[in-house]
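Everything on this sheet refers to the single structure shown next.
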Amino acid sequence: MPELPEVETIVREMRPAVQGRVLREMAVLDSSAFSLSPLAPEQVKGLEVLSVRRRGKYILMDLGSFCIAIHLRMTGQLRWGEPDPRSRVIFRFSDGSQTLSFVDVRRLGKVLIFNTEDMSKVLSLGQEPLECGCDQFLEGLRQRRGRIKPLLMNQGFVAGLGNIYVTEALFASRIKPTRRASDLTQREGRQLFQAIQNCLKMGIQNGGSSFRNYVDLYGNPGRTQKKWRVYAKPAGSACPRCTQKLRFVMMAQRGTVYCPKCQR
Ligand SMILES: [Zn+2]
């Protein structure tokens, strides 16, 4: 699933393509992709895309009083160019330029329109990991129960992290994924915060990670998967830090790889 760096990559590419253009049509070809709207899709006609930004794993197009949010979930892609015949939703612009196609093989992604003033209520997301301060993050950890890995994946706690970057950040900060969040020391919490920021920044710098089907706005894969140290490694392969055999466990229905020796 695309996480913060993949979504940020798409948003940065969308700005020069889409920002300042006026919508001519939002063609909903698969109605299950579209939900929760104070505005019918045909009512976006004539509205200008004032800005494109990201919140958590959502791609946002600001239309003034209204906002369009796109969540890619497992297999969603946004593509710029000729309309893609597999699209669930196609955005066309009044200057007749290229179109923005929302393609999504497994059909789990969503397009929402809401009143901009309702954004925090509709999206209900925690802090942005690249914007919040370390103290704010540590305070959050102290107040939460439960294990650190599922907590970091909880979008209401921090927005934008998923299995890839959480697995890598826990490895980098030498923290075992099954630890209780509230049991982390101040020092471990700081190391974790730094590792999360480093992993996300590296992900953005390398155009995101392509493991299954992520591609950017122009169909190009990311390069971050070449930098992964443990994510997607099979159980029993050597830890890149201490050569101990890596272990694989399921936590909250997600596979987790960690080193039993250097992650404590
Ligand atoms: Zn190790």
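Points worth noting:
- Rounded tilt (10° steps) of 134-143 against the dominant C-alpha axis of the chain: 70
- Ordering PRO234, GLN244, GLY64 by Cα displacement along the dipole of the chain toward the positive end leaves GLN244 in first place; charges were set at the Cβ atoms of Lys, Arg (+1) and Asp, Glu (-1).
- Near the amide H of PHE34, within less than 5 Å, lie the amide hydrogens of VAL111, all on another chain or at least 5 residues away, with H placed in the peptide plane.
- Here the Gaussian network model covers the chain, with springs between Cα atoms less than 10 Å apart; of ARG92, ARG142, ARG187, ARG187 fluctuates the most.
- Candidates SER101, SER31, SER182: whichever shows maximal mean-square fluctuation once the chain is modelled as a Gaussian network with Cα springs under 10 Å: SER31
- A straight Cα-to-Cα reach below 17 Å connects LYS57 with the aspartates and glutamates GLU3, GLU6, GLU8, GLU13, ASP104, GLU128, GLU131, ASP216, residues fewer than 8 places away in its own chain not being considered.
- Rounded to whole numbers, the Karplus 3J(HN,Hα) couplings from phi for the stretch 116-130 are 3, 5, 8, 3, 5, 6, 5, 7, 6, 10, x, 5, 7, x, 8 Hz, using 6.51 cos²θ - 1.76 cosθ + 1.60 with θ = phi - 60°, and x at Gly and Pro.
- Computed across the chain, the Kirkwood radius stands at 19.4 Å (inverse of mean 1/r, all Cα pairs).
- In a fully extended conformation the segment linking THR243 and ASN115 would gain 40.8 nm over its present Cα-Cα distance, using 0.36 nm per residue.
- Percentage relative contact order, the chain, counting C-alpha pairs under 8 Å, at least six apart: 19
- Given charges at beta-carbon only (K, R positive; D, E negative), |dipole| of the stretch 4-123 in Debye: 320
- FRET efficiency, 1/(1 + (r/R0)^6) with R0 41 Å, evaluated for ARG15 and SER182 via beta carbons: 0.55
- Here the Karplus relation 6.51 cos²θ - 1.76 cosθ + 1.60, evaluated at θ = phi - 60°, turns the backbone of the stretch 175-190 into coupling constants of 10, 5, x, 8, 4, 6, 4, 6, 8, 5, 6, 4, 5, 5, x, 5 Hz, with x for every Gly and Pro.
- Distribution of pairwise C-alpha distances over the stretch 4-123, 5 Å bins, in %: 2, 12, 24, 27, 24, 9, 1
- Neighbour counts of other Cβ atoms within 10 Å put ARG55, ARG88 in the fewest-to-most order ARG55, ARG88.
- Quotient of Cα Rg and 2.2 N^0.38 Å for the stretch 86-173, N being how many residues it contains: 1.47
- Relative contact order, whole percent, for the stretch 4-123 stands at 30, derived from Cα pairs under 8 Å and 6 or more residues apart.
- Between the helical axis of 163-172 and the longest alpha-carbon principal axis of the chain there is an angle of about 30 degrees.
Laboratory data are not the source of any read-out in this text; all were calculated from the coordinates shown. Quantities reported herein were computed from a predicted structural model and do not represent experimental measurements. Positions of Cβ are backbone-derived with ideal geometry, glycine not excepted, and every protein chain shown enters the neighbour counts.
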